[in-house]
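Novice: What follows is a single structure, and I will ask about it in a moment.
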Amino acid sequence: QVQLVESGGGLVQAGGSLRLSCVVSGSIFSISTMGWYRQAPGKQRELVAAISSGGSTNYADSVKGRFTISRDNAKNTVYLQMNSLKPEDTAIYYCTAEVLDKTTAHFKDYWGQGTQVTVSS
């Protein structure tokens, strides 16, 4: 079994910063791509940023230059540094990881439970 636990969400004023963390634990042999998605009320879930095991990154156009994704492979942790936050960044943020499970020997996508980010104007 694999678990993802996010932390770091909260309420911040426009222009402020937050740092999200997501720890992956359980039956892990290795982790491939890790990423962050978000879902605002009434909208579809969208990719915010992703990072490969080698450190290659990609970002949604709406967050380029403001958000930075990084990972610590030794800690099985992915981070999302969010700067210059805007009210339109308000959403539930979910982390995801493509994990090679020790018990099944198969890659599978796992999701965290989500953390709320609210940006006030």
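Novice: Tell me, which residue of region 1-26 that is among the polar types (S, T, N, Q) and over 15 Å from Thr90 (Cβ atoms) is least open to solvent (accessible area, probe 1.4 Å)?
Specialist: Ser21
Novice: Applying the selection to region 61-114, what residues are open to solvent by 20 Å² or more (accessible area, probe 1.4 Å), over 15 Å from Val24 (Cα atoms) and either hydroxyl-bearing (Ser, Thr, Tyr) or within 13 Å of the chain's Cα centre (by Cα) (or both)?
Specialist: Those that are open to solvent by 20 Å² or more (accessible area, probe 1.4 Å), over 15 Å from Val24 (Cα atoms) and either hydroxyl-bearing (Ser, Thr, Tyr) or within 13 Å of the chain's Cα centre (by Cα) (or both): Ser62, Thr68, Gln81, Ser84, Thr90, Ile92, Thr103, Thr104.
Novice: Could you run through region 98-117 and say how many residues are outside any loop (DSSP other than H, G, I, E, B) and either at positive phi or not basic (Lys, Arg) (or both)?
Specialist: Qualifying residue count, region 98-117: 11.
Novice: Additional query: In region 40-57, is there at least one residue being surrounded by 14 or more Cβ atoms within 10 Å (Cβ to Cβ), within 16 Å of Ser21 (Cβ to Cβ) and touching a residue at least 40 places away in the same chain (Cβ under 8 Å)?
Specialist: There is at least one residue in region 40-57 that is surrounded by 14 or more Cβ atoms within 10 Å (Cβ to Cβ), within 16 Å of Ser21 (Cβ to Cβ) and touching a residue at least 40 places away in the same chain (Cβ under 8 Å).
The values are calculated or read from the model by the stated rules, or taken from the named source; none is laboratory data. Source: prediction; values computed, not measured. All Cβ positions, even for glycine, are placed from backbone atoms using ideal geometry, and neighbour counts span all protein chains on display. Side chains included, ligands, DNA and RNA excluded: accessible areas come from the protein's heavy atoms. Shrake-Rupley method; radii C 1.70, N 1.55, O 1.52, S 1.80 Å.
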